[in-house]
Amino acid sequence: AMDSVKDAIGFKGDRKALLQYLRTDRKFFPFKTPEQVLDSFRGIYNVIKPEVKKLYGRFPRAAFVIKRVPKFLEQASGVPYYDAGSPDGKKPGTFYVPIPDATRYNATSMDNEFLHEAIPGHHYQLSLQLEDTSLPSFRRFNYYGAYVEGYALYAESLGKELGLYRNPYQYLGYLGWQMMRAVRLVVDVAIHTGKMSREQAIAYVMDHVPLNAHVATAEIERYMAWPGQALSYMTGKLEIMALRHRCEKELGSRFSLSAFHDELLSGGALPLKILDQKMDAWAQGLVRQQ
């Protein structure tokens, strides 16, 4: 997919040269101030606002804000992240962006970062779960990584349907992060089975993904400290995509992507085996109504 975009934009050079181009060319670093970075994310939010209503029927009550990561945390934060709001709704869900130096903020991955960490990714899933007072506490406040991160990774795949990835470089940024998800299936296992050192894992990332050394290092150190977490993303995404395809096939013309997403996010995070049973029961219920 990256090669097809590379050819479409007329880039001369191999994929490794393309990664270096995306990592270093000044056109991908248009910002001078932190506020300009935040404004660009607010622009992404405005693009998807009218579109997301076509793909979802239930929305969080919680407010949503975009903020810069506090300065004392910026050096430890490689990429943007989401901080859930409070169950009572007094604290909004927050999309935090680390901007230690705005002039070095690469714009190519902003679309997929927002989809994953903010809307319709973590903000929708976590807020709806926290707001569901019908759930017992152990389900309302739990966290199953394969579900939570798998859903957010799946949310990145909705970009074109939500009006994003129109710029080929933003689409390459998305594909670059998909490559990162493939790469970390390797490094997560290799680090924890003694096959790769920290330095070897960082070098492996840099060879395959258009990330700078700071972000690559922060990512690898996270995997070192959290065994298996990187694996959980792809495990969950593949399960959710398989469920969607299965429901589309079973329901045919009765399939509604909005209804599928609403059912997927109802009831909070679940182990994948139970999620499979839940979604199958939902689809079979609709089949019986035909």
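Values computed for the structure shown
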read-out: Residue satisfying condition, being of a type in the set (Phe, Trp, Tyr) and more than 23 Å from Glu263 (Cβ to Cβ), within set Tyr124, Tyr105; value: Tyr105
read-out: Residue in the range 203-211 that is touching a residue at least 60 places away in the same chain (Cβ under 8 Å), open to solvent by 40 Å² or more (accessible area, probe 1.4 Å) and charged (D, E, K, R) present; value: yes
read-out: Every residue from the range 86-108 that is under 25 Å from Ala62 (Cβ atoms), out of contact with any strand residue (DSSP E or B) (no Cβ under 8 Å at 6 or more places or on another chain) and small (Gly, Ala, Ser); value: Ser86, Gly89
read-out: Hey, Arg184 crowded, with 24+ Cβ neighbours inside 10 Å and basic (Lys, Arg) or not; value: yes
read-out: Residues satisfying the stated conditions in the range 64-110, i.e. open to solvent by 60 Å² or more (accessible area, probe 1.4 Å) and either aromatic (Phe, Trp, Tyr) or in contact (Cβ under 8 Å) with a residue 60 or more places away in the chain (or both); value: Phe72, Ala76, Tyr81, Arg104
read-out: Some residue of the range 144-161 being surrounded by 22 or more Cβ atoms within 10 Å (Cβ to Cβ), touching a Ser or Thr at 6+ places or on another chain (Cβ under 6 Å), farther than 18 Å from Leu22 by Cβ and not aromatic (Phe, Trp, Tyr); value: yes
read-out: So Leu128, is it touching a residue at least 40 places away in the same chain (Cβ under 8 Å) and surrounded by 21 or more Cβ atoms within 10 Å (Cβ to Cβ); value: no
read-out: Hits in the range 251-290 - residues which are in a loop (DSSP other than H, G, I, E, B), open to solvent by 40 Å² or more (accessible area, probe 1.4 Å) and of a type in the set (S, T, N, Q); value: Ser256, Gln290
read-out: Residue in the range 227-235 that is open to solvent by less than 40 Å² (accessible area, probe 1.4 Å), assigned to a loop (DSSP other than H, G, I, E, B) and within 30 Å of Asp276 (Cβ to Cβ) present; value: yes
read-out: Residues of the range 212-226 that turn out to be open to solvent by 10 Å² or more (accessible area, probe 1.4 Å), among the hydrophobic types (A, V, I, L, M, F, W, C) and modelled with pLDDT of 90 or more, as a count; value: 3
read-out: Residue in the range 230-243 that is over 19 Å from the mean Cα position of the chain (by Cα) and over 18 Å from Leu55 (Cα atoms) present; value: no
read-out: Options Met206, Met196: the member that is outside any helix (DSSP H, G or I) and more than 22 Å from Ser127 (Cα to Cα); value: Met196
read-out: Criterion violated by Gln178 - all others in (1) assigned to a loop (DSSP other than H, G, I, E, B); (2) open to solvent by 10 Å² or more (accessible area, probe 1.4 Å) satisfied; value: (1)
read-out: Considering residues of the range 23-50 that are of a type in the set (S, T, N, Q) and either within 18 Å of the chain's Cα centre (by Cα) or more than 14 Å from Lys67 (Cα to Cα) (or both) only, the residue modelled with the lowest pLDDT; value: Thr24
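So that you can scan it fast, the table gives a plain yes or no per residue for (1) among the small types (Gly, Ala, Ser); (2) free of Cβ contacts under 8 Å to residues at least 12 places away in the same chain:
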{"residue": "Ala242", "(1), (2)": "yes, yes"}
{"residue": "His245", "(1), (2)": "no, yes"}
{"residue": "Leu251", "(1), (2)": "no, no"}
{"residue": "Phe255", "(1), (2)": "no, yes"}
{"residue": "Asp276", "(1), (2)": "no, no"}
{"residue": "Ala283", "(1), (2)": "yes, no"}
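The values are calculated or read from the model by the stated rules, or taken from the named source; none is laboratory data. Note that this is a predicted model, so its numbers are computed, not measured. Here Cβ is always computed from backbone atoms with ideal geometry, including for glycine, and neighbour counts include all displayed protein chains. All accessible areas refer to the heavy atoms of the entire protein, side chains included, with ligands and DNA or RNA removed. Shrake-Rupley method; radii C 1.70, N 1.55, O 1.52, S 1.80 Å.
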